[in-house]
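Below is one structure, written out as structure tokens, with a few remarks after it.
The values are calculated or read from the model by the stated rules, or taken from the named source; none is laboratory data. Computed from a predicted model, the values in this text were never measured in an experiment. Cβ sites come from the backbone with ideal geometry, for glycine too, and all protein chains shown count toward neighbours.
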2 protein chains.
Amino acid sequence: MERPRRPTITDVAAEAGVAASTVSRAFTHPGRVNQHTRAHVLEVAARLGYAPNPLAQALESGRTSTVALVVPDIANPFFVGFVKGAERALASSQRTLVLADGRESAVAEEAVVQRLHRSVDGFVLVASRLDDDALRRAAALAPVVLVNRVTTGLPGVVADYVGGAEQIVSHLASLGHRRAVVLGGPTGSWSGARRWTGLQVAAGRHGVEVERLGPFSPTFEAGAAAADAVLGLRSAAGRDARPTAVVAHNDLLAMGVLARLAERGASVPDELSVVGFDDVFGAALCSPPLTTLAERSERAGALAVDALLSGGAPVGPGQPPQVVPTHLVVRRSTGPAPAPA
Amino acid sequence: MERPRRPTITDVAAEAGVAASTVSRAFTHPGRVNQHTRAHVLEVAARLGYAPNPLAQALESGRTSTVALVVPDIANPFFVGFVKGAERALASSQRTLVLADGRESAVAEEAVVQRLHRSVDGFVLVASRLDDDALRRAAALAPVVLVNRVTTGLPGVVADYVGGAEQIVSHLASLGHRRAVVLGGPTGSWSGARRWTGLQVAAGRHGVEVERLGPFSPTFEAGAAAADAVLGLRSAAGRDARPTAVVAHNDLLAMGVLARLAERGASVPDELSVVGFDDVFGAALCSPPLTTLAERSERAGALAVDALLSGGAPVGPGQPPQVVPTHLVVRRSTGPAPAPA
DNA sequence: TTGAAAGCGCTAACAA
DNA sequence: TTGTTAGCGCTTTCAA
């Protein structure tokens, strides 16, 4: 509990009989110091328990060796992969992760950027809720790398939702599905828009009809309403016009749908196939286990950090985002389309 | 991208025609400045887009308005509650959360503390892997608050595992279970030890026999081996000596057990009841949904941060940790004990 | 109530 | 190769 004053560079200098600048150099520019002096300085420093004060270093250099990661909701399991990947990438270069929660809100997210921009070397904004103008304002304050969001002029890392949508639709088509319902995510969700257009394109290519319901909140709870909407649609449609597959905006919603369908006695996948996005923890454990599009979120987090730190690389207006592949994990929530009988 | 030099306190002072110290006071000691001067200074500051540099403030004061939270594994869903709660508590007082991953390793965790202690106002160590000596070394570097770990002399916040174990055993006993297997967590896990002793005490009180297997890694994957061990025990035991309930060290392990039991055709809860600890995301979604002891982890995270910040409150050697209540969430993985026939 | 000056701990010219 | 000097941006004595 008793915390004595930490030794400073001056203490070490005095004790070692050299100038403070020499001590500084011994630590940060080993080449520019005599081998002997350096060894002696380090020995004295070790004996005194000295270590450079990162705050003072940061004040001088302007660099903090710290990166802020902002996610819409820390508690959402979908985002933990990004956090993990970013932390790994940072820790491996002795840097520090500041984690902030954007509260699913543009206002909160912008406040976070305002508050932190002097204390960090840059931001990784995951699934940012900010509009293009706000993103530009943020980027004027500190370097920004986007994840699963694109705006011209800012570097980014995105999952390949287009390729992923193709995998989903092709999987469903090969099982004989001809009509699918897409449960849309929140309006304004960039990834939601990408997923939807990807699905439309793929559906066109495979001769599958898709209809979109929603928007739905991307939560387990919203699944009940979504499932009811799907069942309503089915009973309103003629026998042979019934959708046989559901593609949900994300896994949480899909799992909520599964739960509700079970409650209402609709069997999955016999009557209805269900697909999600994200492959979150839990997707393999629900009943039936969920077929879903997996995204390499740890890798995306690490790539974003790398992009931020290698900031030298000029990111012109034309720089395309890095694309991280996705892959479909087929589990038991999808099966052959039921005969129209 | 172009980032012009940010205005400093000197710029504002010059522009406002006052001394730098007056600007400083206008921001940090509103009382000690003439109303008029203050208004004028703030107006100029706003016009110039000035905001105090937190790094410089920190260098001066030694306080960083930053707290580090160290968890054994960021990707483990069990820990996200603590992170969320801590972030909330910090953001509400304009402070910053640094998140670090202890890699389930004492060495890595101590390295993290070494690396960060100059840059933060203190540490919240969740389920720390450090031994008592290492904890004391850490506390000598910076204020430390423990979560779900206790050592004399350090403040802490712990879940009420003793009361929780009582709830679990009483629930099982009331369902007629007389023999239970406890699947132990990693050796050296403080919470594991608490859970086990709590279960033993409660078992004694309720006339339930408990046997411990393990240690098992607290992961889904380890569930297979654990389930096999339980089944082996059952077939070795005489008809009336068979355990009818399993209490797993945590939910991940319990879910792994459920998956393996299903694979091997053992029905839950008809043949065997299964209970977990933590109520992680996914526990409600697995099949059957898991009965588990829920812990208010967000609250624990917030309390730990509060304890750290209210550091004034002297924490003598005798200070007991704050206890956060737990509650049993009964789902469908537990049911009446099968008749011994 | 305000200003001048010193200093937080460190780094980076500039000389020597 | 090393020491001296002057800051980084801010806060805080100490006087006025």
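Given the residues B:Glu104, B:Glu87, which is the only one that is in the same structural domain as B:Pro143 (by TED's automatic domain parsing), away from DNA strand D (no atom under 16 Å from the Cβ) and modelled with pLDDT of 95 or more? It is B:Glu87.
Here's the yes/no breakdown for (1) surrounded by fewer than 17 Cβ atoms within 10 Å (Cβ to Cβ); (2) charged (D, E, K, R):
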residue	(1), (2)
A:Arg234	no, yes
A:Val247	no, no
A:Arg264	yes, yes
A:Val268	no, no
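Might you check whether a residue that is out of contact with any strand residue (DSSP E or B) (no Cβ under 8 Å at 6 or more places or on another chain) and more than 16 Å from DNA strand C (Cβ to nearest atom) occurs anywhere in region A:51-71? No, the conditions are met nowhere in region A:51-71.
Counted as qualifying within region A:194-299 are the strands (runs of 3 or more DSSP E) with 2 or more residues that are of a type in the set (S, T, N, Q) and in contact (Cβ under 8 Å) with a residue 24 or more places away in the chain, namely A:291-295. Checking B:Ser119, B:Ser105 one by one, the residue that is free of Cβ contacts under 8 Å to residues at least 60 places away in the same chain and either within 20 Å of the chain's Cα centre (by Cα) or more than 8 Å from chain A (Cβ to nearest Cβ) (or both) is B:Ser105 and no other. Restricting attention to region A:30-41 and to residues that are free of Cβ contacts under 8 Å to residues at least 12 places away in the same chain and not aliphatic (A, V, I, L, M), the residue that is farthest from DNA strand D (Cβ to nearest atom) turns out to be A:Pro30. Within region B:6-50, being within 44 Å of the chain's Cα centre (by Cα) and on the phi > 0 side of the Ramachandran plot holds for one residue alone: B:Gly49.
Considering region A:7-20, the residues that are more than 7 Å from DNA strand C (Cβ to nearest atom) and within 12 Å of A:Tyr50 (Cβ to Cβ) include one that is nearest to the other protein chains (Cβ to nearest Cβ), namely A:Pro7.
Suppose the filter is away from DNA strand D (no atom under 12 Å from the Cβ) and either facing chain B (nearest Cβ under 9 Å) or at pLDDT 95 or above (or both); does A:Ala68 pass it? It is true that A:Ala68 is away from DNA strand D (no atom under 12 Å from the Cβ) and either facing chain B (nearest Cβ under 9 Å) or at pLDDT 95 or above (or both). What do you reckon, is B:Arg95 more than 14 Å from the chain's Cα centre (by Cα), within 16 Å of DNA strand D (Cβ to nearest atom) and at pLDDT below 95? Judged against the criteria, B:Arg95 is not a match.
Here is a yes/no grid of residues against (1) charged (D, E, K, R); (2) more than 12 Å from DNA strand D (Cβ to nearest atom):
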{"residue": "A:Thr28", "(1), (2)": "no, yes"}
{"residue": "A:Glu43", "(1), (2)": "yes, yes"}
{"residue": "A:Ala46", "(1), (2)": "no, yes"}
{"residue": "A:Gln57", "(1), (2)": "no, no"}
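Among the residues making up region A:74-91, those that are facing chain B (nearest Cβ under 9 Å) and of a type outside the set (A, V, I, L, M, F, W, C) are A:Asn76, A:Pro77, A:Gly81, A:Lys84, A:Glu87, A:Arg88.
Scanning region B:8-41 for residues that are surrounded by fewer than 18 Cβ atoms within 10 Å (Cβ to Cβ) and among the aliphatic types (A, V, I, L, M) returns B:Ala14, B:Ala19, B:Ala20, B:Ala39.
Filtering A:Val71, A:Val120 for residues that are crowded, with 18+ Cβ neighbours inside 10 Å and over 26 Å from B:Glu110 (Cα atoms) leaves a single hit, A:Val71.
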